[in-house]
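See structure below.
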Amino acid sequence: MEILYISLLTLIAAAIGTITGFGTSTLMIPVLVIFFPPMEAIFLVAIIHWFGNIWKVTLFRSGFNLRLLVLFGVVGLATSYLGAYISLGANEQILLRFLGAFLAGYALFLIFQSKFKIHAGNLTALSGGALSGFFAGMFGIGGAIRSMFLTAFDLPKAVYIATAGAIGLLVDSTRIITYFTGGATLPKELWYGLLLFIPISFLGAQLAKRIVDKIPQNQFRLVIAVFLFVTGLKLLVWP
């Protein structure tokens, strides 16, 4: 039954995460850390998210922004390693409270500063890469920050999704290796579960491809922001 719940969560998170630009991890990790140890949840979702980025690159390959890929990706590799390294030695309760504070704070920002726009430029790309890489390594959640910075460049939707997927692929590769070499692992049933979760994440991305131009993005982002705030508050007060 546990595998079925995670499979359903993967499908929903892959579809909504692709459409909104938040990424699969932003939706899956707040739920899974309630039922699994934090590093176990982060490691599992990192693997699913890695494949999710491959689907984004494959399905939305109409174009990339190579300059942003380099600016975001290169610095993100270094900060992703740093964040993953720190998280491996962190106390689980402290890690969950930091995660809760991050989610709640970011959700409030989305809700009350929905029209906030970052100036597009090389410094913005470097800053976005550094911050999203670090938080991806630390908490497994970097797509939300990456999305905030990438939207400053007003990319066409397909180019935006493909570029975000390619950047995420670089960052996720670094942190997965760091988690694994640092001793992170999964129970046997979850290793087997990946045989189901990975193709389901592809179905979610396919679903997103069909509806990405038909649904107002702001409505999705507001609903998810409320979900992130409630979950973050829960982790902050009672991890």
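Where helices (runs of 4 or more DSSP H) fall wholly inside the stretch 1-120, the ranges with 3 or more residues that are touching an Asp or Glu at 6+ places or on another chain (Cβ under 7 Å) and at pLDDT 85 or above are 38-59. The residue that is farthest from Leu77 (Cα to Cα), counting only those in the stretch 155-213 that are in a helix (DSSP H, G or I) and polar (S, T, N, Q), is Gln206. In the stretch 86-102 there is no residue that is touching a Lys or Arg at 6+ places or on another chain (Cβ under 8 Å) and under 21 Å from Ala184 (Cα atoms). Just to be sure I understand, how many residues within the stretch 66-107 are farther than 21 Å from Tyr160 by Cα and of a type in the set (A, V, I, L, M)? Selection size over the stretch 66-107: 14.
The values are calculated or read from the model by the stated rules, or taken from the named source; none is laboratory data. Note that the structure is predicted; figures quoted are calculated from it, not measured. Quick reminder, even Gly has a Cβ in these numbers, built from the backbone with ideal geometry, and neighbours come from all protein chains shown.
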